[in-house]
Each structure stands twice: as structure tokens, then as C-alpha cells.
2 protein chains.
Amino acid sequence: MTILRIFIFLVLFTVAIGNENLNSHVFPRPLIIEYPENNEPQYYKDDEVQLKCTSWRFAVEANNLSPWKTVPEECAHYVRQYIVGPGYNMDIDRVSDEAVAFANNVNLGADAKDVWVFDVDETLLSNLPYYADHGYGLEIFDSVEFDKWVETGMAPALGSSLKLYQEVLSLGFKVFLLTGRSERHRNVTVENLMNAGFHDWDKLILRGSDDHGKTATTYKSERRNEMVEEGFRIVGNSGDQWSDLLGSSMSNRSFKLPNPMYYIP
Amino acid sequence: MTILRIFIFLVLFTVAIGNENLNSHVFPRPLIIEYPENNEPQYYKDDEVQLKCTSWRFAVEANNLSPWKTVPEECAHYVRQYIVGPGYNMDIDRVSDEAVAFANNVNLGADAKDVWVFDVDETLLSNLPYYADHGYGLEIFDSVEFDKWVETGMAPALGSSLKLYQEVLSLGFKVFLLTGRSERHRNVTVENLMNAGFHDWDKLILRGSDDHGKTATTYKSERRNEMVEEGFRIVGNSGDQWSDLLGSSMSNRSFKLPNPMYYIP
């Protein structure tokens, strides 16, 4: 039985050593994460989805997509991660920094006719509390529900846009707010803007009864045309939609804030 | 000895079963990749650089950056990976697919006055063989060296742009090529385009002696103005630079191909 005991000891000892090697030498083995087999396709699929959704987001931001209604279902998680993660804020900060740098290099006329135009939603005010409850653009836009949110007057400021806003004001630009919100939301919009820290704008232009049915591009172009006719020079324009920026009487420089959640023609 | 044999069998059997459990149950253990300690900062730094350079690339593609001269040094690797990896091709394919879909929905006039404008470099022809030797945009643009490359006439087609090109031709669009290349490169450009598969364009417009010193935006706007004066309708416009697309006499729809390697004002 002594031989048997020694043998058992040796066998167990070898097993013990063997196990320790398994744990401590993870590294010299090839660095392959051993997912259970049925998870491997998921892993590669995630990479593929990341790539496809980044490509989709580029197409959105470069204005290459035909009117789109919702975030593609496969990109729902991607867009959510982008918005709640560091990416969205980093992009917004960069737009604001670029705009501040540009604004500081403008030689303003002595006639106080240099204008900076700002859009409101997703440019000065953030509706993320609303979109967080509506799939960050995955659900089809529901104007009735959205209006209820607007009427709470609770939209917070986009911090870096507030910084830009204050900077252009202090430089001496006229500030015109040009929003697709309806004239009937003027009071709540004023209140919301002021509570969020925006003051001293020169004009707040909302959609009047004549403007309903017009695309944002048309409505905003018409209002910019009026500014130009009144002798203003539209130097800068900040908006999260290309329909804030393109059309007639375009600004010298425009700044496109990111928005992968919705599209307004 | 029979008892001993049975015992050894049982021990080895247990060990075998035990090891199998170790392998198949990797999953309930926390999924943490065990990098050696000194690699961890690099890992996080890579993530941060990835995020910052994606943000930079968005700013480029959304036309938010003031004129920029080169790829930021910290994004050199990122841009290279984007170009040689699947991202660039995926983005280009998407632009082309969107343009094909749009072109197919246009009702062309019977007067053959509907035009699609194409830029040449990084739109129809790819200069990647040149940029591969020059850091994919990390080096300051060297027009002398680049001209030597142009004069080889060896630039390959962007495959998905060739597809779009053939599609719009077959739909009955007039095709006008509007390039920043100089008139003295007409012959080599024609030869290069034809060797790359592009045929039957209606006009190839190059910079004449009067155009030197003009920004691309001005030069291309002037040429588009002439098209409009001649009664053409500019329906589509494909280019990798915003200076191909913005200015006066803009197209109904424009398609911005990605280009994080260089910027032309």
C-alpha cells in the first residue's frame, strides 16, 4: 500500500502543478478568447455591426442618405452607445471649439450686422431625456408625444453650445435663433431657453401658420433670405440638421452638430 | 495489480473529466482578458485615440474643420487602418449605392439636359498607390511629387464609382467631369480614365490658365454656373471634397465620398 500511496501522491501532485500552469501561463499561449462555440459568431457579428453602423453614421453626417425615418434596427445599440458614451459629447465639443476658433477670427463690421444663426433642438437645447424614452431614434417620430415633452420646458442646454453662444454674443455678433418649433410654443421655448442659460438673443424665429407644410430647408432659407434683405451678413450657422444649413442665403461657415437620431428634410 | 490498474484508470478518468469541465466552463468565470500589466495603459490609450480620431474624421466629413493641412499625427495609424481596412470601401460602396438609388428615381427630361457631375481624384480615380507612399495624408501635400504620379496615368478606378458612372450614363444623364487637374494634364487624364474603364463622358473640364489661384469652390462654382446658363440641370454631383459640392449652382443631390487624407478649399 505504500507504493500505492506514493503513486497517488505523485498523480495528484502532477495534476496540481498542471492546473497551476494552466492558470499562470495564460500569456505564452496564443491570445485567443475562448468563447463557447455558439458565441463566436456573435463576437464577429458585433465587429461587423460596429463597422456597418459607423458607416451608416458617416453617411448621415455627410448628408448622403436619402430622407431616413428611423435608426436602422441593427444600429439601435450602436447609436445608444454613441449617445450615452463619450463619442457624442466629444463630437459636440469639437464642433463648438471649431466654431469658437472661427468666430474669434472674424473681423466684425462696425454696423452690427454680423449674424450668427442657431437652430434650437439638438443644437442649443438637448432632447435626450425624451429620446432616451423613445429608443434614441429607433421609434418613428411621434409629434404628439414630442410636443408634450416640448411643453414641459425641461430640455437642458448642450453645454458646449452654450459656451459658443456666450462667446459669439460677447464678440458682438447678433444672435438669431431659427427653429422649426411652432409659434404656439414661443412662450415655453423662451422660458426653456432662459432656464437653460441662454439670454440676450436678438431674434427668435418660429414657424408661423404660413410655414406649415414647408420643408425645413425652404422655411429656413426664406427666413435667412429676409435677414440678408434686411442687410445682415450671416457669418456663422450652427445646426444639427443639414436643413438648418443648406439652401439659399447660406452662412459663410456652417457647423454641423452630430445627430444620428432623426432626420428633418 | 488489477486494483492498481483500476485505480489509475479512475484517477486519469477523473482528471480528464475535470479538464474538460475547465475548458467548457470558461464562460461562468468573469470575461476579463488578462493582459500583462504594462500593456494596459497602451490598451486604454488605443481606445482613446480611436475615439478621438473617429471624432476628427466626423468633423472632416461634416465639413466642420477649418482648412486642415495634414492628418493629425496621433491619427496616422487610425487613418491608415481605415483606408486599407474594410471601412473606406464600405463607406464608398454606401455612397455609390445611395447615388444609384437616387439616380433611378429621377424623371429625366426629354431634352437631354439632366447632368451628373463627377470629380476625378478620389472620386472616379484612386490615388491610393501614391498616398500609400506618403503616409496617407500625414505628409504635407507635395504638388511636384503628386504631378509626377498623375503623369504616370496609373491611377486605378474606384470600383463602386465606376458602377455609379455606368449606371447614370445608361439612365441617360449627361456626364460632366469637373476636376481640379490642370489643362496640361488633359491627355494623360483622358488616357488614365479610359484605361480605368471610364468612357463616353460628355465633357471633361480641367483648370485653365485663368483658373489658377482660384479656390476649388470658386473654380467649380463658375463652371457649374456656365452649365446652368447653357440650360443644363445639375441633378447629381459626386465628389470627395466639399469644395466639389458647395458654392453656387449646386446640384439637387450631392454625394460626398469619404476622404480623411487631404483637404482642398
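Before moving on, here are some points about what is shown:
- The residues of the stretch B:201-218 that are part of a helix (DSSP H, G or I) and surrounded by 16 or more Cβ atoms within 10 Å (Cβ to Cβ), listed by number, are B:ASP211, B:ALA216, B:THR217.
A quick yes/no check of all residues on (1) modelled with pLDDT under 95; (2) farther than 15 Å from A:VAL117 by Cβ; (3) of a type in the set (S, T, N, Q):
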{"residue": "A:LEU162", "(1), (2), (3)": "no, yes, no"}
{"residue": "A:GLN166", "(1), (2), (3)": "no, yes, yes"}
{"residue": "A:SER170", "(1), (2), (3)": "no, yes, yes"}
{"residue": "A:LEU178", "(1), (2), (3)": "no, no, no"}
{"residue": "A:SER182", "(1), (2), (3)": "no, yes, yes"}
{"residue": "A:ARG186", "(1), (2), (3)": "no, yes, no"}
{"residue": "A:GLU191", "(1), (2), (3)": "no, yes, no"}
{"residue": "A:ASN195", "(1), (2), (3)": "no, yes, yes"}
{"residue": "A:PHE198", "(1), (2), (3)": "no, no, no"}
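- All positions within the stretch B:181-200 that are under 21 Å from the mean Cα position of the chain (by Cα), aliphatic (A, V, I, L, M) and in a helix (DSSP H, G or I): B:LEU193
- Set B:LEU108, B:LEU65, B:LEU124: member being out of contact with any Leu (no Cβ under 8 Å at 6 or more places or on another chain) and at negative phi: B:LEU65
- Residue within the stretch B:100-119 that is part of a loop (DSSP other than H, G, I, E, B), farther than 27 Å from A:VAL95 by Cβ and under 19 Å from the mean Cα position of the chain (by Cα) present: no
- Of the set (1) under 23 Å from the mean Cα position of the chain (by Cα); (2) in a helix (DSSP H, G or I), all apply to A:GLY236 but (2).
- Scanning the stretch B:148-180 for residues that are more than 21 Å from the chain's Cα centre (by Cα), outside any strand (DSSP E or B) and not aromatic (Phe, Trp, Tyr) yields B:LYS148, B:GLU151, B:THR152, B:LEU169, B:SER170, B:LEU171, B:GLY172.
- Checked across the stretch B:131-140, the condition of being in contact (Cβ under 8 Å) with a residue 24 or more places away in the chain and within 14 Å of another protein chain (Cβ to nearest Cβ) holds for no residue.
- Restricting the stretch A:184-200 to residues that are in contact (Cβ under 8 Å) with a residue 60 or more places away in the chain and farther than 15 Å from A:ASP147 by Cβ leaves a set whose member that is most open to solvent (accessible area, probe 1.4 Å) is A:ALA196.
- In the stretch B:1-95, counting only helices (runs of 4 or more DSSP H) that sit wholly within it, the ones holding 2 or more residues that are modelled with pLDDT under 80, open to solvent by 30 Å² or more (accessible area, probe 1.4 Å) and more than 8 Å from chain A (Cβ to nearest Cβ) span B:2-24, B:40-61.
- Of all residues in the stretch B:96-120, those satisfying the criterion of being more than 9 Å from chain A (Cβ to nearest Cβ) and open to solvent by 40 Å² or more (accessible area, probe 1.4 Å) are B:ASP97, B:ASN104, B:ASN107, B:LEU108, B:ALA110, B:ASP111, B:ALA112, B:LYS113.
- Unmet criterion (only one of (1) without any contact (Cβ under 8 Å) to a residue 40 or more places away in the chain; (2) open to solvent by 50 Å² or more (accessible area, probe 1.4 Å); (3) farther than 27 Å from A:PHE58 by Cβ) for A:PRO156: (1)
- Scan of the stretch A:239-258 for residues that are outside any strand (DSSP E or B) and either within 12 Å of another protein chain (Cβ to nearest Cβ) or closer than 16 Å to A:GLY159 by Cα (or both), ordered by number: A:ASP240, A:GLN241, A:TRP242, A:LEU245, A:LEU246, A:GLY247, A:SER248, A:MET250, A:SER251, A:ASN252, A:LEU257, A:PRO258
- Looking at B:PHE255, B:PHE232, B:PHE173, just one residue is buried (at least 20 other Cβ atoms within 10 Å of the Cβ) and in contact with a helix residue (DSSP H, G or I) (Cβ under 6 Å, 6 or more places away or on another chain), and that residue is B:PHE255.
- Selection count, the stretch A:206-233, where residues are β-branched (Val, Ile, Thr) and over 23 Å from the mean Cα position of the chain (by Cα): 2
- Flag for B:VAL144 being under 21 Å from B:GLU191 (Cα atoms) and open to solvent by less than 10 Å² (accessible area, probe 1.4 Å): no
The values are calculated or read from the model by the stated rules, or taken from the named source; none is laboratory data. All values reported here derive from a predicted model rather than from experimental measurement. Virtual Cβ from ideal backbone geometry, glycine too; neighbours counted across all protein chains shown. These accessible areas exclude ligands, DNA and RNA; they are computed on the full protein's heavy atoms, side chains included. Shrake-Rupley method; radii C 1.70, N 1.55, O 1.52, S 1.80 Å.
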